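Student: I have a structure here, written as structure tokens, and I will follow up with some questions on it.
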Amino acid sequence: MLVVIDANVFVSAAIQQGASHRIIESWLGGGAGFEIVMCPELMGEVREVLTTRPRLRKWISLENATLFVDTIEALVDLVNDPDEVRTETRDPKDDYLIALARAHDVDTIVSGDKDLLEWQEQRPPVMTPAQFERLGRTA
């Protein structure tokens, strides 16, 4: 199974316990039953949020945030950023995730983003980390 995981899920995984954390931990452990499709734009967003936002230091040190991001980057196979990004959601900043998913025949997008979750077309489907976890994709 191929999955695009939104930056907000990686951030949640890094700073708190919960479905996002369990999904990423399972993937890091190698027994997740899914592969993450990630492009440089998405990797950059994860790095930028976790390493440059001072308010996150309450939950994760800069050193641990950098280690988390470096670990993800070392283990994921980066694919090219999508060539063509169409406006599809209320928030155009989310559209590259849809383009990325479609370009690589991804099975689902995992996100906590309201605009993506309420996106009407839902091809590929978008689900919350809790919904994805209930599918049994983290064991």
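Student: In nm, give the distance between the simple-model label positions of D77 and Q16, each being 7 Å from the Cα along the Cα-to-Cβ direction.
Tutor: 3.4
Student: What angle, in degrees between 0 and 90 and rounded to the nearest 10, separates the Cα long axis of helix 40-52 from the longest principal axis of the Cα atoms of the chain?
Tutor: With both axes taken from Cα atoms, the answer is about 40 degrees.
Student: Order the peptides 71-81, 102-112 from the highest to the lowest mean number of other Cβ atoms within 10 Å of their residues.
Tutor: Order by mean packing, descending: 102-112, 71-81.
Student: If you don't mind, another one. Could you tell me which label, among (i) 15.1; (ii) 18.1; (iii) 16.7, carries the value of Kirkwood radius over Cα pairs in Å calculated for this structure?
Tutor: Computing Kirkwood radius over Cα pairs in Å and matching it to (i) 15.1; (ii) 18.1; (iii) 16.7 gives (i).
Student: Using alpha-carbon pairs under 8 Å, 6+ residues apart, how would you state the relative contact order of the chain in percent?
Tutor: 34
Student: Taking the Cα centre of the chain as the origin, how large is its charge dipole in debye, to the nearest 20, when only Lys and Arg (+1) and Asp and Glu (-1) carry charge on their Cβ atoms?
Tutor: My answer is approximately 660 debye.
Student: Further question: In nanometres, what is the gap between the two model label sites at R134 and R55, each 7 Å from Cα along Cα-to-Cβ?
Tutor: It is 2.9 nm.
Every number in this text was worked out from the coordinates using simple rules, so none of it is lab data. Keep in mind it's a predicted model, so treat the numbers as computed, not measured. Positions of Cβ are backbone-derived with ideal geometry, glycine not excepted, and every protein chain shown enters the neighbour counts.
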